[in-house]
Amino acid sequence: MASDKTEIAPSTDMSRRNWLKSFSAGAGAIALTSCFDLGVKELHAAGLSTEHFPSATPNVHDGLIRLSSNENAFGPSKKAVSAMQGELYNLARYTDATVDVLAEKIAKQEGVSADQIVITNGSSPILFGYAEWIMENGGNLVTSMATYEGIPRGAEFMGANVNYVPLDSEMGFDLDAIEAAVTDDTTAVYICNPNNPTGKVVDPAKLNAFAKRVSKKTQVFIDEAYIEMSDAYPANVQSKLVAEGHNVVVCRTFSKIHAMAGQRLGYAIMPAAQAKEMGRKLRMGGVNYLALVAGMASMDDHANLTTMRSRIQTERSKLTAAAEFLGRPYAKKPQGNFIYIDTGMPHDQFAAKMKAKGIKVVGRTWPGFDSWSRISVGTPAETDACVTALKEVLA
Ligand SMILES: Cc1ncc(COP(=O)(O)O)c(C=O)c1O
């Protein structure tokens, strides 16, 4: 085993520098195929595997298929895992230099400048840091009902006022109503696109025009955690607004399409002065080195991202077909890796019935939607098991 370990590690400073250079030059994942093979064998020998790639975090936990947290059950890019394996022995240094390499890479991809990027351990620190920023800058947020709680709940917790505007008739963000709700006192507007839990995407031209107008009065924060899963990606992406100098923040995560929820990596794109201030506050102990390594390799694995988008679409359409078959109301044309369905019973009762069938669905609800539940897609076998359970529970 000892000799295998020596083989995996490109451990000299020189190899590390060259490796980082290869990323900044856009060369992508390094050639560590033999290391990858070694890792697969070892992990298989330990009995760890998922359908897409070996994993030490099984989708099945406590005997339940976990379709409750919008994780990506297909697992990360093989190139990302392979890149991490190759760097396992290079953990001695703090990561500021590597963070800068990733920032340059994101800047190139998004057409922004690197000083407009803040990179953190998952995007949650950005959401909570932003909630604090709201409090420090007037304490008034406008958002929609039934949206991701990170910023609104965080801001409320710190004492902010949150104006929750009703969803539109198709369960999407009602941009006209949100714009009408913005006052001189509004500190920020939070848009989640695609929205969690309804999965709705806002028309990109409409959102772009909205953000240009509204950001003259207040900052517009667009959470694009699931954007790469949307059918019209990259047309739905709004980071160009930041490049153009609008008062807009765009937030992303590697937890969703990149399937790295357990590794923690996320970033925000925002005006440079704010990014500097947020970066100082949020980076604190720095960002996990292996997450940076995996994130860069995953960004370069375009084939994996394309395949992932289509696999998620396939599984999502099984869930929407089940909702149609059962005649249950649901948020149509969902664009994330989940559906939002009216089960006709209190959400906790539905969750208990699904649990009895071996499926874990989201255990909480959103105010005003007590009979609605969010269900994430899984691997093909997991989604099929969920559809079978749904047909029994909701028949
Ligand atoms: C819309 C949205 N934003 C942000 C997050 C935070 O994810 P993470 O902290 O893993 O980046 C989530 C997690 O589910 C989410 O659904």
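Quick notes on this one:
- Scanning the range 164-186 for any residue that is out of contact with any strand residue (DSSP E or B) (no Cβ under 9 Å at 6 or more places or on another chain), in a helix (DSSP H, G or I) and over 24 Å from Q109 (Cα atoms) turns up at least one such residue.
- Residues of the range 130-159 that are in contact with a strand residue (DSSP E or B) (Cβ under 6 Å, 6 or more places away or on another chain) and surrounded by fewer than 22 Cβ atoms within 10 Å (Cβ to Cβ): N140, M145, Y148, E156.
- Pair list, Cβ < 6 Å and 6+ apart or interchain, from the range 192-217 residues that are in contact (Cβ under 8 Å) with a residue 12 or more places away in the chain and over 29 Å from S69 (Cβ atoms) to residues that are surrounded by 15 or more Cβ atoms within 10 Å (Cβ to Cβ) and charged (D, E, K, R): V214/E179
- Annotation note: of A259, A235, A268, A273, the sole residue that is crowded, with 24+ Cβ neighbours inside 10 Å and either without any contact (Cβ under 8 Å) to a residue 24 or more places away in the chain or in a loop (DSSP other than H, G, I, E, B) (or both) is A259.
- No other residue among A259, A268, A331, A273 is modelled with pLDDT of 95 or more, within 15 Å of the ligand (Cβ to nearest atom) and out of contact with any helix residue (DSSP H, G or I) (no Cβ under 8 Å at 6 or more places or on another chain) apart from A331.
- Residue identified as surrounded by 19 or more Cβ atoms within 10 Å (Cβ to Cβ) and over 21 Å from the mean Cα position of the chain (by Cα) among S113, S82, S77, S123: S82
- Check on N195, at pLDDT 95 or above, polar (S, T, N, Q) and within 16 Å of the ligand (Cβ to nearest atom): yes
- Single residue of the range 303-348 satisfying the filter (part of a helix (DSSP H, G or I) and loosely packed, with under 14 Cβ neighbours inside 10 Å) that is farthest from the chain's Cα centre (by Cα): F325
The values are calculated or read from the model by the stated rules, or taken from the named source; none is laboratory data. What you see is a predicted model; the values in this text were computed from it and never measured. Here Cβ is always computed from backbone atoms with ideal geometry, including for glycine, and neighbour counts include all displayed protein chains.
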